[in-house]
Amino acid sequence: MAISPDFRTYAPSTSANAAVLDAGLRAYMLRVYNWMCSGLALTGIVAYGVANTTLITLFYHPVRTAGGYIAYQPTGLGYLAMLAPLAFVMVLSFGINRLSRPATQALFWAFAAAMGASLANIFLIYSGGSIARVFFITAATFAAMSLYGYTTRADLSRMGSFLMMGLIGIIITSLVNLFIASTALQFAISIIGVLVFVGLTAFDTQRIKGDYVQYAYAEGTDLAAKRSVYDALTLYLNFINLFMLLLQLFGGSRNSNS
């Protein structure tokens with residue numbers, strides 16, 4: 001769930017025909033999902049490409065552990081790749097109203113590529129079969145919850161604050177666990193994190209639907225085009241975080257060939 005930009009400087013129109021509005025909503029959601037899926041595809045291609053070429057040495061270097069396994073530690077460029085996606089998210093979230101349409105789209109592609117470089121290490125840690133299995137589990141879960149968020153008549157906005165509190169708690173606890181390295185705590189973080197991002201997927205889908213109805217008058221403008229990229233970014237982040245948390249729970253180690 002990204003930080004919501006301010007679109008309130010534009011006054012919503014109330015004259016849209018219901019049928020036209022519904023058709024526009026479906027087209028808009030399709031555009032959002034296309035952006036999200038394209039971003040995920042680029043992330044996967046970059047991650048796989050980096051992990052399976054000599055480029056991996058630019059981001060990670062091998063270290064033999066006490067148990068005889070090979071672990072991979074980030075290089076300076078690797079740490080930069082990990083932090084780069086956060087910088088892109090901040091720029092897109094706070095600057096989207098000032099960015100041009102081409103700049104917004106270019107930043108999204110750059111973000112997806114940087115995320116791919118930062119995730120290349122999953123191909124070094126987990127077996128390819130388990131990565132594929134968890135990806136399809138994530139895709140099925142995401143699709144079900146996004147469909148629920150789109151179709152339900154229940155107001156999910158009431159649980160938004162609780163989900164954000166849970167997300168902040170996960171971030172703080174994860175930072176603490178970097179120092180204490182507790183496997184039990186990491187397991188709990190993964191379980192709670194899955195629940196949080198499952199909820200955020202439904203919540204954000206309903207929010208995107210509601211925002212479209214509010215700003216439907218601007219459809220066809222640069223504002224609508226930029227908003228679709230931002231909304232795709234929000235869903236993309238939910239998908240990636242859900243995938244990584246499920247991978248921690250169900251991913252098979254490459255060393256053990258699980």
* **Where Gly78 falls short, out of the listed (1) at pLDDT 80 or above; (2) closer than 23 Å to Leu245 by Cα; (3) buried (at least 16 other Cβ atoms within 10 Å of the Cβ)** => (1)
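Here's the yes/no breakdown for (1) under 17 Å from Ile45 (Cα atoms); (2) surrounded by fewer than 18 Cβ atoms within 10 Å (Cβ to Cβ):
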site	(1), (2)
Ile122	yes, no
Ser127	yes, yes
Ile131	yes, no
Gly149	no, no
Met165	no, yes
* Asked: Just one of the numbered conditions (1) at pLDDT 85 or above; (2) over 16 Å from the mean Cα position of the chain (by Cα); (3) more than 15 Å from Met244 (Cβ to Cβ) is not true of Leu178; which one?
  -> (1)
* Asked: Is there a residue in the stretch 202-223 that is over 20 Å from the mean Cα position of the chain (by Cα), surrounded by 15 or more Cβ atoms within 10 Å (Cβ to Cβ) and not in a helix (DSSP H, G or I)?
  -> yes
* Has the stretch 161-182 got any residue that is in contact (Cβ under 8 Å) with a residue 60 or more places away in the chain, in contact with a Phe, Trp or Tyr (Cβ under 9 Å, 6 or more places away or on another chain), assigned to a helix (DSSP H, G or I) and not polar (S, T, N, Q)? -> yes
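Results for (1) farther than 20 Å from Ser118 by Cα; (2) among the hydroxyl-bearing types (Ser, Thr, Tyr), shown as yes or no for each residue.
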| position | (1), (2) |
| --- | --- |
| Val20 | yes, no |
| Gly44 | no, no |
| Thr54 | no, yes |
| Tyr60 | no, yes |
* Among the residues of the stretch 93-102, is there at least one that is within 15 Å of Leu237 (Cα to Cα) and surrounded by fewer than 17 Cβ atoms within 10 Å (Cβ to Cβ)? -> yes
* Could you grab me the full set of residues in the stretch 28-45 that are surrounded by 15 or more Cβ atoms within 10 Å (Cβ to Cβ), among the small types (Gly, Ala, Ser) and within 17 Å of Ala132 (Cα to Cα)? => Gly44
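The values are calculated or read from the model by the stated rules, or taken from the named source; none is laboratory data. Keep in mind the model is a prediction, meaning the values are calculated, not measured. Methodologically, a virtual Cβ is constructed for each residue, glycine included, from the backbone with ideal geometry; neighbour enumeration extends over all protein chains shown.
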